[in-house]
Amino acid sequence: MNQEFPQQRKGMSTGCLVALIVVGVLVIIVVILGYLCYANRGKLVQYGAVAMTEELKKSVAEKPQPGVDSVRVNSVADSFLAHVRGQQEPPVEALALYVQDIQHIRSDEVVDSLEVEQFVNAVYKAFPELGGATPPAETEIPADSEMPSDTAADPGAANE
């Protein structure tokens with residue numbers, strides 16, 4: 001009774017070994033990419049903030065809304081972009097705060113006057129040093145010659 005038993009192979013099958021190698025390579029790639037993203041997080045956040053700001057400027061230019069001061073938006077955006085692009089080491093926390101504050105503005109692709117104020121406030125909140133770089137929103141005050149005659153102050157009426 002000499003039955004021959006098939007000899008069992010020791011170790012993993014070829015398919016299992018290939019799958020293990022592929023998973024190992026993928027894990028190594030993910031770890032390397034995670035490290036690179038962490039090491040370059042300032043540049044990545046800076047790129048995102050610049051791209052969002054440029055998109056906001058483009059939206060204001062292409063789809064103007066009533067009550068939106070496009071000159072103010074462009075002025076604030078240009079000073080922000082010049083400030084951010086001019087830094088060797090971008091401030092990650094300030095840029096992340098800025099991106100968090102303006103991310104909802106892009107959702108409807110139309111920028112109204114309230115969203116413009118939120119944008120301006122987000123820029124000044126993240127970078128208070130830019131506050132003096134741009135003038136506040138202009139409010140129009142009619143000149144004396146434009147005022148109706150019944151509301152204009154009569155200099156002789158005070159003496160009576």
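The values are calculated or read from the model by the stated rules, or taken from the named source; none is laboratory data. Remember, predicted model here, so these are calculated numbers, not experimental data. With ideal geometry, Cβ positions are generated from the backbone for all residues, glycine too; neighbour counts draw on all protein chains shown. Heads up: the accessible areas ignore ligands, DNA and RNA and are worked out on the full protein's heavy atoms, side chains in. Shrake-Rupley method; radii C 1.70, N 1.55, O 1.52, S 1.80 Å.
For region 69-80, the set of residues classified as touching a residue at least 12 places away in the same chain (Cβ under 8 Å) and of a type in the set (Val, Ile, Thr) consists of Val73, Val76, listed by residue number.
With the condition kept exactly as written, say whether any residue in region 22-40 is among the aromatic types (Phe, Trp, Tyr), assigned to a helix (DSSP H, G or I) and surrounded by 11 or more Cβ atoms within 10 Å (Cβ to Cβ). Step through it out loud before you land on a result.
As a first pass, look at region 22-40 and keep what is among the aromatic types (Phe, Trp, Tyr): 35, 38.
Next, only the ones that are assigned to a helix (DSSP H, G or I) stay: 35, 38.
From what's left, surrounded by 11 or more Cβ atoms within 10 Å (Cβ to Cβ): none.
Checking region 22-40: not a single residue is among the aromatic types (Phe, Trp, Tyr), assigned to a helix (DSSP H, G or I) and surrounded by 11 or more Cβ atoms within 10 Å (Cβ to Cβ).
Tell me, which residue of region 48-70 that is assigned to a loop (DSSP other than H, G, I, E, B) and open to solvent by 80 Å² or more (accessible area, probe 1.4 Å) is modelled with the highest pLDDT?
Applying the first criterion (assigned to a loop (DSSP other than H, G, I, E, B)) to region 48-70 yields 63-69.
Still in the list and also open to solvent by 80 Å² or more (accessible area, probe 1.4 Å): 63-64, 66.
On the way: Lys63: 80, Pro64: 79, Pro66: 84.
Per the stated criteria, the residue is Pro66.
Restricting attention to region 60-79, the residues that are over 17 Å from the mean Cα position of the chain (by Cα) and over 19 Å from Asp108 (Cα atoms) add up to 2.
Is there a residue being farther than 21 Å from Ile105 by Cα and of a type outside the set (Ser, Thr, Tyr) anywhere in region 42-54? First the steps, then the outcome.
Of region 42-54, the ones farther than 21 Å from Ile105 by Cα are 42-43.
Next cut, of a type outside the set (Ser, Thr, Tyr) only: 42-43.
Yes; the residues of region 42-54 include at least one that is farther than 21 Å from Ile105 by Cα and of a type outside the set (Ser, Thr, Tyr).
Pairs please, first residue from region 56-68 and of a type in the set (Val, Ile, Thr), second anywhere and assigned to a loop (DSSP other than H, G, I, E, B), Cβ atoms under 7 Å, 6+ apart in sequence or on different chains. Short answer, once both residue conditions are applied: Val60/Val68; Val60/Val111; Val68/Val111; Val68/Asp112. Give the residues of region 81-116 that are touching a residue at least 12 places away in the same chain (Cβ under 8 Å), in a helix (DSSP H, G or I) and within 17 Å of Gly67 (Cα to Cα), sorted by residue number. Hits for region 81-116 are Ile105, Ser113, Val116.
Ser75 falls short on exactly one of the conditions (1) of a type in the set (Ser, Thr, Tyr); (2) modelled with pLDDT of 85 or more; (3) over 14 Å from Val123 (Cα atoms), and that condition is (3).
The rows are residues; the columns are (1) farther than 11 Å from Met52 by Cα; (2) out of contact with any Ser or Thr (no Cβ under 6 Å at 6 or more places or on another chain); (3) of a type in the set (A, V, I, L, M).
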{"site": "Ser75", "(1), (2), (3)": "yes, no, no"}
{"site": "Gly86", "(1), (2), (3)": "yes, yes, no"}
{"site": "Ala94", "(1), (2), (3)": "yes, yes, yes"}
{"site": "Val116", "(1), (2), (3)": "yes, yes, yes"}
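So which residues in region 122-135 are out of contact with any Phe, Trp or Tyr (no Cβ under 8 Å at 6 or more places or on another chain) and closer than 24 Å to Arg41 by Cα? Steps first, please.
The first filter runs over region 122-135 and keeps only residues out of contact with any Phe, Trp or Tyr (no Cβ under 8 Å at 6 or more places or on another chain), leaving 124, 128-129, 132-135.
Result: Tyr124, Pro128, Glu129.
Residue count for region 71-108 satisfying the condition of being open to solvent by 60 Å² or more (accessible area, probe 1.4 Å) and in contact with an Asp or Glu (Cβ under 9 Å, 6 or more places away or on another chain): 4.
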